[in-house]
1. Within the range 295-345, track down each residue that is assigned to a loop (DSSP other than H, G, I, E, B) and in contact with a Pro (Cβ under 7 Å, 6 or more places away or on another chain).
2. Quick one: which residue in Lys248, Lys257 is free of Cβ contacts under 8 Å to residues at least 40 places away in the same chain and more than 23 Å from Gln339 (Cβ to Cβ)?
3. Take the conditions surrounded by 15 or more Cβ atoms within 10 Å (Cβ to Cβ) and touching a His at 6+ places or on another chain (Cβ under 9 Å) and apply them to Ser299. Does it pass?
4. Given Pro372, Pro319, Pro312, which one is closer than 19 Å to Thr223 by Cβ, within 23 Å of the chain's Cα centre (by Cα) and surrounded by fewer than 19 Cβ atoms within 10 Å (Cβ to Cβ)?
5. Scan (1) of a type in the set (S, T, N, Q); (2) closer than 18 Å to Cys177 by Cβ; (3) surrounded by fewer than 21 Cβ atoms within 10 Å (Cβ to Cβ); (4) touching a residue at least 60 places away in the same chain (Cβ under 8 Å) for the single condition Gln339 breaks and write down its number.
6. Scan the range 266-281 and report the pairs whose first residue is farther than 18 Å from Thr18 by Cα and of a type in the set (D, E, K, R) and whose second residue is surrounded by fewer than 19 Cβ atoms within 10 Å (Cβ to Cβ) and modelled with pLDDT of 95 or more, with Cβ atoms within less than 6 Å and a gap of 6+ or a chain change.
7. Quickly run through the range 338-362 and pick out the residues that are in contact with an Asp or Glu (Cβ under 7 Å, 6 or more places away or on another chain) and over 20 Å from Val318 (Cα atoms).
8. Residue pairs, Cβ under 9 Å, 6 or more apart or interchain, first in the range 1-16 and within 14 Å of Ala86 (Cβ to Cβ), second at pLDDT 90 or above and among the charged types (D, E, K, R). List them.
Amino acid sequence: MQRKIIYISHWRFPSEKTMTPLIMKTCEGFIREGFSVELWIPKRPSGFAGVDPFIKHGIQKRFPIYALSSIGSINKFGKLGFILMAFTFNLSVSARLLRERKNNTSLILYGHDIRDFIVPSFLKLPLFIEIHDFYESSFNFINRLVLKKTSGLIVTNTFKQKAIESRYGFPLDRMICQPNAVSFEMFDIPVSRQQAREKLSFPSGIKIVLYTGHLFSWKGVYTLAESASYLSSDTYIYFVGGTKEDRKALEGFVTAKKLPRIVFLEHQEHVNIPFFQKAADILVLPNTAKEVASKYETSPVKLFEYMASGVPIVASDVPSIREIVSDKEVFFFIPDDPQNLAKVIRNAMNDERAVENRSRASKVLARTHSWPSRAQAITALIKKCT
């Protein structure tokens, strides 16, 4: 009998969040590895009514997506709404699993959030969880409860691997470190900078420093905005993406500080992001060092996409990024230092040889972080632990 992986996630599908295509790429990878796959999600508004998630997120292999009953709304009731939604989703998942288990004894549970398995973990099915966010304090009890019943863990960097082993005693032989990945061909497009700018109606007579993605403060976007004061008058900073609320907050900061030559563009379809990246002179990953999530925990999908584009990268010198790239692939700057960031950007723009060498090296490295190879490594762990 073909083994079935049931991916369980409380996220919205489709959505503007990076995690959504990541989850779907993981499911697609499992199908290529020979598994039957289903994605179970809660019934909740996605904000993209009528939009096909497979088309929106560039997924070639289709699989069933089932929306299960849940109560609660994060948007309306905040944290309390999330707790209610997560709890009722746990119950719906468990009830469906009990029925599913009668007809299929080869089920494997998979997900990326421990909170989705508080109740399902008691069903004694093989359970594998990706650790992207390392929950602390109030979640320790839940972590211990679920991890005791978990067959294997996939962590996205060695910091989390060591922390989980030391704090929870989870065996290292049932845990692998697998960073996030990239669809290399999607971002390695045969388009010149000028062609990309013409397609997007960007001006050709300026230098563009570009950031794509969410505008959370821990991502260092405020540092990038402040660096505008130290850049030349022909250099513009483009922010592409973010929610309306986060964009409004950053725009207010820019206005209050009277920061020059900053352009904000709303969230773009993921399939169009490669053109925005190709239009840039420099791509920036400005993570702060002031928060643990940024300094140690993250494995930025954005970084892998930047690398595949072949556009030079300026990145914050924090351990989470250093674990993936070195001075051979990117230009590092001192975290949370807008003046140093501007200096590194200027130096990169004026050093053609260094740019060429790093861009070539980053593309080579990006090829090693593919979704198929990631799925193969996770499949090996699943086979080992079941």
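The values are calculated or read from the model by the stated rules, or taken from the named source; none is laboratory data. No experiment lies behind these values; they were computed from the predicted model shown. Ideal geometry is used to build each Cβ from the backbone, glycine not excepted, and the neighbour counts take in all protein chains shown.
1. In the first step, residues of the range 295-345 are kept if they are assigned to a loop (DSSP other than H, G, I, E, B); the result is 298-300, 310-312, 317-318, 323-330, 334-337.
Across the range 295-345, the qualifying residues are Ser299, Asp317, Val318, Ile324.
2. Numbers: Lys257 fails: more than 23 Å from Gln339 (Cβ to Cβ).
So the residue among Lys248, Lys257 that is free of Cβ contacts under 8 Å to residues at least 40 places away in the same chain and more than 23 Å from Gln339 (Cβ to Cβ) is Lys248.
3. Numbers: surrounded by 15 or more Cβ atoms within 10 Å (Cβ to Cβ): yes; touching a His at 6+ places or on another chain (Cβ under 9 Å): yes.
Yes: the conditions hold for Ser299.
4. On the way: Pro372 fails: closer than 19 Å to Thr223 by Cβ; Pro312 fails: surrounded by fewer than 19 Cβ atoms within 10 Å (Cβ to Cβ).
So the residue among Pro372, Pro319, Pro312 that is closer than 19 Å to Thr223 by Cβ, within 23 Å of the chain's Cα centre (by Cα) and surrounded by fewer than 19 Cβ atoms within 10 Å (Cβ to Cβ) is Pro319.
5. (2)
6. What qualifies is Lys278/Val191; Asp281/Lys207.
7. As a first pass, look at the range 338-362 and keep what is in contact with an Asp or Glu (Cβ under 7 Å, 6 or more places away or on another chain): 338, 349, 358, 361-362.
Residue satisfying the conditions is Met349 alone.
8. From the range 1-16, the pairs are Ile8/Asp113; Ile8/Asp116; Ser9/Asp113; Ser9/Asp116; His10/Asp113; His10/Arg115; His10/Asp116; Trp11/Asp113.
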